[in-house]
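Chemist: Sending over a structure as structure tokens; questions will come in a sec.
Read the figures in this text as sums done on the coordinates, not as results from a lab. Since the model is a prediction, treat every value here as computed from it, not as a measurement. Backbone-built Cβ (ideal geometry, glycine too); neighbour counts: all protein chains shown.
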Amino acid sequence: AQKVTQAQTEISVVEKEDVTLDCVYETRDTTYYLFWYKQPPSGELVFLIRRNSFDEQNEISGRYSWNFQKSTSSFNFTITASQVVDSAVYFCALRSYNQGGKLIFGQGTELSVKP
Amino acid sequence: EAQVTQNPRYLITVTGKKLTVTCSQNMNHEYMSWYRQDPGLGLRQIYYSMNVEVTDKGDVPEGYKVSRKEKRNFPLILESPSPNQTSLYFCASSSLLAGGTDTQYFGPGTRLTVL
């Protein structure tokens, strides 16, 4: 069975703090992709990153960085120097090769950044 | 601008009154899908389509119908809506590159209330 677990339901930080959102996944497939999406209070789902199972290089995009560790089946997301505009629900998701294309989502982590 | 559009964005209706939520994408994507998002249950796939005239059930298809007569459109039909279909609905699309693991882009969401 495939599963994505985001153990942190809610996180609250003060602006400029760094924060890491955890994501652990389960799959028996050897080829798969991992994603992070952001859902701001307005409700839309915004794509942030896609990472394939063969590429364990960490990625940095501005204040965002992602750490993919296949050995621990984790794909964690760090926001450096958080801002109020980062307040949102963040979803980690898994999509496997030839599994009907379904995205399997974690339950989401609600991040609140206070001024 | 590349996008997925959904209409209506908000809808309040009554039990048993047939309704259609439209979804359209302008990215020439083969794959389209519908998800519903519910508190405590997360995001779950309703139906998906790999191409024109090819559709299949997701995890929660009961009470829904879809059709894919054109590549760009994938309407969701509720023939006899019930209160348990009150939810936030998302349409998504992606190419079928990499064995169906390409990024899914989401529409803005349709908030449906069935009284």
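Chemist: Hey, could you check segment B:33-66 for residues that are part of a loop (DSSP other than H, G, I, E, B) and within 11 Å of chain A (Cβ to nearest Cβ) and say which is surrounded by the fewest Cβ atoms within 10 Å (Cβ to Cβ)? Can you show your working first?
Modeler: Of all residues in segment B:33-66, those part of a loop (DSSP other than H, G, I, E, B) come to B:39-41, B:52-53, B:58-64.
Now drop any that are not within 11 Å of chain A (Cβ to nearest Cβ), which leaves B:39-41, B:58-59.
Details: B:PRO39: 7, B:GLY40: 5, B:LEU41: 11, B:GLY58: 19, B:ASP59: 12.
Among those residues, the one meeting the criterion is B:GLY40.
Chemist: Anything in segment B:102-115 that is more than 14 Å from every other protein chain (Cβ to nearest Cβ) and surrounded by fewer than 18 Cβ atoms within 10 Å (Cβ to Cβ)? List them, or say none. Working first, answer last.
Modeler: The initial filter retains those residues of segment B:102-115 that are more than 14 Å from every other protein chain (Cβ to nearest Cβ), namely B:113-115.
Within segment B:102-115, B:THR113, B:LEU115 qualify.
Chemist: For segment B:67-101, give me the residue count where each residue is more than 21 Å from A:PRO40 (Cα to Cα), facing chain A (nearest Cβ under 8 Å) and surrounded by fewer than 19 Cβ atoms within 10 Å (Cβ to Cβ).
Modeler: Residues of segment B:67-101 that are more than 21 Å from A:PRO40 (Cα to Cα), as a first pass: B:67-85, B:94-101.
If we keep only those that are facing chain A (nearest Cβ under 8 Å) too, we end up with B:94, B:96, B:98-101.
Retained after the next criterion (residues that are surrounded by fewer than 19 Cβ atoms within 10 Å (Cβ to Cβ)): B:96, B:98-99.
Counting residues in segment B:67-101 that are more than 21 Å from A:PRO40 (Cα to Cα), facing chain A (nearest Cβ under 8 Å) and surrounded by fewer than 19 Cβ atoms within 10 Å (Cβ to Cβ) gives 3.
Chemist: So, one more: Would you mind finding the one in A:THR30, A:THR20, A:THR78 that is surrounded by fewer than 18 Cβ atoms within 10 Å (Cβ to Cβ) and either basic (Lys, Arg) or not in a strand (DSSP E or B) (or both)? If you could, list the steps in order and put the result at the bottom.
Modeler: Working: A:THR20 fails: either basic (Lys, Arg) or not in a strand (DSSP E or B) (or both); A:THR78 fails: either basic (Lys, Arg) or not in a strand (DSSP E or B) (or both).
Exactly one residue qualifies, and that residue is A:THR30.
Chemist: If you take the residues in segment A:89-115 that are outside any loop (DSSP other than H, G, I, E, B) and away from chain B (no Cβ under 14 Å), which one is farthest from B:MET32 (Cα to Cα)? Steps first, answer last, please.
Modeler: From segment A:89-115, those outside any loop (DSSP other than H, G, I, E, B) are A:89-96, A:104-105, A:109-114; that's our starting set.
Then keep just the ones that are away from chain B (no Cβ under 14 Å); that gives A:111-114.
Details: A:LEU111: 29, A:SER112: 32, A:VAL113: 34, A:LYS114: 37 Å.
Among them, the one singled out is A:LYS114.
Chemist: Do you know which residues across segment A:64-87 are out of contact with any Ser or Thr (no Cβ under 9 Å at 6 or more places or on another chain), in contact (Cβ under 8 Å) with a residue 40 or more places away in the chain and either within 10 Å of chain B (Cβ to nearest Cβ) or among the small types (Gly, Ala, Ser) (or both)?
Modeler: A:SER74, A:ALA81, A:SER82
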